[in-house]
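Colleague: One structure follows; several queries about it will come next.
The values are calculated or read from the model by the stated rules, or taken from the named source; none is laboratory data. Computed from a prediction, not measured in an experiment: that's the story for all the values here. Cβ atoms come from the backbone with ideal geometry, glycine included; neighbour counts cover every protein chain shown.
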Amino acid sequence: MKFKSRFFAAPMVRVSDTAFRIMCYKYGAGLVFTEMTYAAALARGIDKVNIDRRQEKSVGIQLAGTDLKELESAVKFIEDKVDVFDYNLGCPVDKAQKQKVGAILLEEPRLVRKILNKIVSSTNKPVFAKIRSGYSDKNINYLKIGKIAQDVGCAAVTLHPRTAATKRGGGANWEHIKKLKSKLDIPVIGNGDVNSPEDALQLMSTTDCDYVMLGRAAAKNPAIFKQCNDFIKTGKYKESNQIKLANEYIELTTKYNIKFSTIKSHVTYFLKPHAGIINKTKDLNTLKKTLKSL
Ligand SMILES: Cc1cc2nc3c(=O)[nH]c(=O)nc-3n(C[C@H](O)[C@H](O)[C@H](O)COP(=O)(O)O)c2cc1C
């Protein structure tokens with residue numbers, strides 16, 4: 001596995017659409033991920049992730065689901081369009097838990113082994129697992145799950161070091177990333193609370209992780225990947241122009257049939273201080289005019 005940089009764009013529901021992924025890739029992400037995608041839909045030939053291979057040249061799809069046959073069919077269906085498969089063992093939302101997908105599976109290591117084994121044996125592409133520290137404080141088992149992933153042939157493990165119970169609250173415990181890295185032979189991708197290039201370097205130097213995954217910071221500023229790459233090379237980076245990023249995102253969306261509500265939500269991420277006025281816009285033209293007035 002070779003990536004053009006050590007900084008990856010996280011899978012994010014309602015954020016990681018085609019236009020966003022293309023921007024992250026263009027600004028220097030080594031790998032971009034689709035949002036969590038149900039194997040059941042892919043297995044039926046429903047492809048909502050809309051990967052543009054000409055523009056996103058290093059892309060992973062994140063899968064969810066526990067039906068082994070569906071997972072195999074999903075992998076076969078989408079394999080040609082992706083470079084990496086990722087399996088979601090971190091989603092903490094109630095709806096996912098009810099459907100037995102995401103972080104709740106951390107409580108079932110034997111099932112995790114079967115699932116990861118099935119995905120690995122269905123493809124020649126690298127398979128990653130994205131995990132949390134554990135489902136709850138009562139069962140912090142990231143070392144066990146990480147080892148399972150390695151044993152069945154996963155190519156890397158991403159750790160978001162919180163429990164599912166804390167969702168995105170509390171601080172990410174980077175000590176867990178350090179510990180996992182010291183126990184595994186496969187690459188470890190550190191994730192959680194990386195809000196700046198300084199944080200990214202700090203995470204790499206304090207944990208020795210191989211790659212850093214950025215979520216919310218990338219949603220606010222896809223150019224953070226260029227900033228991280230510049231910072232690691234030169235110790236400096238430039239502030240990004242948030243209005244330019246918003247316009248660039250809007251321009252890209254016209255090619256990928258992205259809903260206005262999604263566009264607005266992205267532009268709000270880019271331009272948080274202007275969220276009030278952006279949220280009042282009702283169509284693309286008004287949104288564009290509003291951006292010009294800022
Ligand atoms: C809006 C949003 C949607 C998310 N959707 C997913 C998802 O589909 N799959 C996943 O594994 N994690 C998902 N996450 C978690 C992120 O991938 C990441 O692990 C988490 O935000 C911590 O990283 P950060 O501190 O850099 O944001 C989501 C996070 C956010 C903010």
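Colleague: Filter segment 207-256 for residues that are of a type in the set (F, W, Y) and outside any helix (DSSP H, G or I) and give the result.
Modeller: Result: Y211, Y237.
Colleague: Within segment 204-224, which residues are more than 10 Å from the ligand (Cβ to nearest atom) and within 23 Å of G146 (Cβ to Cβ)?
Modeller: M204, S205, T206, T207, D208, C209, D210, Y211
Colleague: Considering only residues that are touching a Pro at 6+ places or on another chain (Cβ under 8 Å), of a type outside the set (F, W, Y) and part of a helix (DSSP H, G or I), which ones fall in segment 1-25?
Modeller: The answer is M23, C24.
Colleague: Anything in segment 152-180 that is in a loop (DSSP other than H, G, I, E, B) and either under 16 Å from the mean Cα position of the chain (by Cα) or modelled with pLDDT of 95 or more (or both)? List them, or say none.
Modeller: G153, C154, A155, K167, R168, A172, N173
Colleague: Taking the options I250, I186, name whichever one is more than 13 Å from the ligand (Cβ to nearest atom), over 18 Å from the mean Cα position of the chain (by Cα) and under 30 Å from L291 (Cα atoms).
Modeller: I250
Colleague: OK, next. Looking for something part of a helix (DSSP H, G or I), surrounded by fewer than 21 Cβ atoms within 10 Å (Cβ to Cβ) and β-branched (V, I, T) - is there at least one such residue anywhere in segment 181-202?
Modeller: no
Colleague: Give segment 152-168 a look and list any residue that's more than 13 Å from the ligand (Cβ to nearest atom), touching a Ser or Thr at 6+ places or on another chain (Cβ under 9 Å) and closer than 18 Å to D185 by Cβ, or say none.
Modeller: Selection gives V152, G153.
Colleague: Here's something else I'd like to know. Just to be sure I understand, how many residues within segment 1-56 are more than 16 Å from the ligand (Cβ to nearest atom), free of Cβ contacts under 8 Å to residues at least 60 places away in the same chain and closer than 22 Å to A156 by Cβ?
Modeller: Count: 5.
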